[in-house]
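None of the figures in this text is laboratory data; all of them are computed from the coordinates on show. Note that the structure is predicted; figures quoted are calculated from it, not measured. Virtual Cβ from ideal backbone geometry, glycine too; neighbours counted across all protein chains shown.
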Amino acid sequence: MKQGIFEIVHNTPLTDNVYKMTLRGDTSAITAPGQFVNIKLDGLYLRRPISVCDLQADLLTIIYKVVGKGTQQLSEMKAGTLHLLTGLGNGYDLTKSGEAPVLLGGGVGVPPMYLLCKKLLEQGKSVQVILGFNTKNEVFFEQEFKSLGAQVTVTTVDGTFGQKGFVTDALKSCTYSYFYTCGPEPMLKAVYRAARTSGQLSFEKRMGCGFGACMGCSCKTITGYKRICKEGPVLEKEEILWES
Amino acid sequence: MGKLSVNLCGIELDNPIIPASGTFGYGYEYAELFDINCLGTFSFKGTTKDPRFGNPTPRIAECTAGMINAVGLQNPGVEQVIQTELPKLKSCFHKPVMANVSGFSVEDYAYTCRKLDEQEQVGWLEVNISCPNVHGGGMSFGTDPKAAAEVTKAVKAVTTKPVIMKLTPNVTDIVCIAKACVDAGADGISLINTMLGMRMDLRTKKPVIANKMGGFSGPAIFPVALRMVYQVAQAVDVPIIGMGGVSSAEDVLEMMLAGATAVEVGAANLVDPFICPQIIEDLPTVMKKYNIQTLKEIIGGAK
């Protein structure tokens with residue numbers, strides 16, 4: 001983990017309420033896709049944890065949905081600097097992917113899949129990506145994944161774009177060696193049940209500090225209590241204990 | 001001794017800055033960020049007789065100038081703390097550490113305190129009779145002077161190191177609780193723990209916190225904490241550790257003027273993990289600005 005001041009390079013909307021922000025600063029503490037940064041915002045007490053979407057030398061890209069005061073404030077920033085804690089969380093373990101992993105991202109669970117996809121392709125893996133959204137005007141990043149060279153399927157719940165249904169519907173016709181996923185908890189649970197291989201799932205929880213000190217985001221797993229911000233956010237399929 | 005040094009129950013601290021229990025783990029997470037030996041000491045994660053997961057999540061909520069937590073004393077239990085956490089802590093912290101203890105019965109408190117009292121690295125026992133997030137223990141001991149005295153006596157009977165009783169602000173008369181602890185043999189008083197608070201989620205129309213209520217901390221509670229430290233300082237003769245929303249060197253000086261010998265920093269660590277070393281670095285400059293030569297001279301200076 002590192003603390004650093006990042007300069008806003010650009011901050012542009014991808015959909016009605018999803019924004020992409022690129023920041024310039026010391027990214028050296030970020031070591032794996034699936035890690036997150038924690039952003040200090042003026043006037044708000046707790047930092048806002050946001051997953052890393054892409055990394056290029058000293059450029060960091062994050063994608064966030066406006067859901068409350070913090071993300072609203074973030075969306076209105078056009079220039080200036082932000083105080084970040086970087087390199088938080090465990091991130092995805094790429095060594096377990098096998099030759100043909102499938103990546104499933106739902107909504108704002110899509111962004112961390114991007115860096116993961118890029119890294120897996122760099123290792124010569126054949127990567128299939130399934131992106132799930134509710135409806136056509138929420139869809140983002142289809143083209144970006146295609147440009148990387150991944151095989152991309154988009155699903156929308158209402159069928160207004162791509163394949164109609166959930167990411168798990170698209171998963172049925174896939175042949176894959178391993179899965180990686182990030183998205184809302186009902187989707188994670190559905191992927192967990194539908195997947196025919198091992199895999200890794202990234203979870204979201206209300207956090208206090210984001211670096212393992214407050215125990216605010218703990219969860220129970222088969223392998224013991226884990227802090228989502230420290231031993232997570234990525235958990236292996238085999239260790240998950242669903243709370244409900 | 002340096003101009004920042006203070007004496008807490010017979011042990012000299014290089015400075016009065018102490019990260020508060022529950023915001024600093026067992027130290028080693030922060031040791032990755034800075035040399036934690038710059039601290040006066042720190043109060044480690046509240047430890048109980050048996051391991052605990054704590055309360056269901058969500059157990060964190062943001063507030064204006066603060067936060068609510070309802071963690072509920074997640075810890076690996078005293079045996080595991082002694083076997084695993086303390087050796088790790090010893091490798092990165094070379095000063096006496098403050099052991100923070102919680103319990104669900106008088107016997108629990110005595111048992112856990114006795115075990116930790118035997119540990120070489122423990123300098124003080126900070127006995128938490130003020131956790132708002134557990135049922136059948138914690139705060140119920142800190143809201144009744146008789147129960148507070150009973151825990152104090154039981155712990156004093158089985159320990160050799162200074163016993164500091166940590167009080168809750170969720171009472172009508174904190175002075176009478178503090179006096180009861182001191183009369184029962186407490187070597188020091190630390191205050192305040194968090195204030196019982198609540199937030200609603202307008203989307204779900206339900207409390208944000210799964211446990212409904214939790215402990216409110218952060219800069220918003222500083223004036224209340226300062227007032228209570230002042231009141232207790234007027235009434236007892238043992239050292240006081242002041243805490244509650246402390247976030248700057250200026251806050252530390254205010255706490256000391258009110259009567260605190262040392263000052264704990266809690267929620268601020270969670271927002272800025274470097275806040276304690278920053279405060280220590282800032283103190284000499286701020287002291288100079290207000291014409292303060294040594295910290296010792298200002299303790300309880302505001303009568």
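The GNM of chain B, with springs linking C-alpha atoms under 10 angstrom apart, assigns the highest mean-square fluctuation among B:Thr47, B:Thr261, B:Thr23 to B:Thr23. Within a 10 angstrom radius of each residue's Cβ in A:215-224, how many Cβ atoms of other chains show up on average? Whole number is fine. Counting Cβ atoms of other protein chains within 10 Å of each residue's Cβ and averaging gives 5.
The label point for B:Val286 and the one for A:Glu185, both projected 7 Å from the Cα toward the Cβ, are 3.9 nm apart.
Partner aspartates and glutamates whose Cα lies under 16 Å from the Cα of B:Lys303, excluding those fewer than 8 positions away in the same chain, are identified as B:Asp237, B:Glu254. With a 10 Å cut-off around each Cβ of B:48-55, the average count of Cβ atoms from other chains is 2.
Simple spin-label estimate for A:Leu241 and A:Leu121 gives 4.0 nm between the two label positions (7 Å along the Cα-to-Cβ direction from each Cα). Descending by average beta-carbon neighbour count within 10 Å, the peptides B:58-67, A:132-141 line up as B:58-67, A:132-141, the highest first. Set the Cα radius of gyration of the range A:32-104 against 2.2 N^0.38 Å, with N its number of residues, and you get 1.29.
Protection proxy ranking of A:195-202, A:228-235, B:2-9, by the mean of other Cβ atoms within 10 Å over each peptide's residues and highest first, is A:228-235, A:195-202, B:2-9.
Legend: calculated FRET efficiency, B:Phe53 to A:Asp93, from the Cβ-Cβ distance at R0 = 30 Å, rounded to 0.05, equals 0.75. Taking Cα centre as origin and charging only the Cβ of basic (Lys, Arg, +1) and acidic (Asp, Glu, -1) residues, the dipole magnitude of the range B:1-144 rounds to 120 debye. Taking other C-beta atoms within 10 angstrom as a stand-in for reagent exposure, B:Asp108, A:Asp16 fall in the order A:Asp16, B:Asp108, fewest first. Pairs from the table (A:Lys69/A:Lys205; A:Lys220/B:Lys49; A:Lys226/B:Lys49; B:Lys153/B:Lys212) lying more than 24 angstrom apart at Cα are B:Lys153/B:Lys212. Pairs A:Lys164/B:Lys205; A:Lys230/B:Lys88; A:Lys40/B:Lys3; A:Lys2/A:Lys96; A:Lys40/A:Lys65: which exceed 22 Å Cα-Cα? With Cα atoms farther than 22 Å apart: A:Lys164/B:Lys205; A:Lys40/B:Lys3; A:Lys2/A:Lys96. Gyration tensor analysis over the Cα atoms of the range A:108-244 returns equivalent ellipsoid semi-axes of 26, 16, 16 Å (largest first, whole Å). The length gained on full extension between A:Lys69 and A:Gln151, counted as 0.36 nm times the residue separation minus their Cα-Cα distance, comes to 25.9 nm.
List every DSSP H helix in chain B whose Cα atoms extend 24 Å or more along the helix's own long axis and whose mean Kyte-Doolittle hydropathy is at least 1.0. Long hydrophobic helices here: none detected. First select every other residue whose beta carbon is under 11 angstrom from the beta carbon of A:Val157; then total the charges, Lys and Arg +1, Asp and Glu -1. Charge balance near A:Val157 sits at -1. Extending 7 Å from the Cα toward the beta-carbon at both B:Asp183 and B:Lys206 defines two label points whose distance is 4.5 nm. Charges were assigned to the Cβ only: +1 to each Lys and Arg, -1 to each Asp and Glu. The resulting dipole of the range B:66-122 about its Cα centre is roughly 240 debye. The residue list A:His83, A:Pro13, A:Gly25 was ranked by how far each Cα lies along the charge dipole of the range A:2-88 toward its positive end, using unit charges on Cβ atoms, and A:His83 comes out on top.
Applying 1/(1 + (r/R0)^6) with r as the Cβ-Cβ distance of B:Gln83 and A:Asp16 and R0 = 56 angstrom yields a FRET efficiency of 0.55. Is the shape of the range B:258-303 rounded, prolate or oblate, going by the alpha carbon gyration tensor and its root eigenvalues a ≥ b ≥ c, with a/c under 1.5 for rounded and a/b larger than b/c for prolate? Here the range B:258-303 falls in the oblate category. Charge tally for B:Glu85 (other residues, Cβ to Cβ under 12 Å; Lys, Arg +1; Asp, Glu -1): +1. Computed from the Cα positions only, the extents of the range B:108-225 along the three principal axes stand at 52, 28, 26 Å, in decreasing order. When the Cα positions of B:Thr172, B:Val151, B:Leu8 are compared along the charge dipole of chain B, B:Thr172 comes out farthest toward the positive end, with charges on each C-beta of Lys, Arg, Asp and Glu.
The residues packed around B:Asn193, meaning those with a beta-carbon under 13 Å from its beta-carbon, carry a net charge of -1 if Lys and Arg are +1 and Asp and Glu are -1.
Please report, to two decimal places, log10 I(q)/I(0) for the protein assembly as shown at q = 0.07, 0.09, 0.13 Å⁻¹ as given by the Debye formula with identical point scatterers on the Cα atoms and no solvent. Debye intensities relative to I(0), on a log10 scale: -0.43, -0.69, -1.22.
All distinct Cα pairs of the range B:6-298 go into the 1/r average, and the inverse of that average, the Kirkwood radius, is 18.7 Å. Pick from A:Ile130, A:Ile222, A:Ile50: which residue has the top mean-square fluctuation in a GNM of chain A where Cα pairs under 10 Å get a spring? In this elastic network of chain A, the residue with the biggest mean-square fluctuation among A:Ile130, A:Ile222, A:Ile50 is A:Ile222. Placing a label point 7 Å from the Cα of B:Gln293 along the Cα-to-Cβ line, the residues of the range B:1-41 whose backbone N sits under 19 Å from it are B:1-7. R0 = 22 Å: FRET efficiency of B:Ser5 with B:Cys92, Cβ-based, nearest 0.05? Approximately 0.50, to the nearest 0.05. Think of each Lys and Arg Cβ as +1 and each Asp and Glu Cβ as -1; about the Cα centre, that makes the dipole of the range A:94-198 roughly 260 debye.
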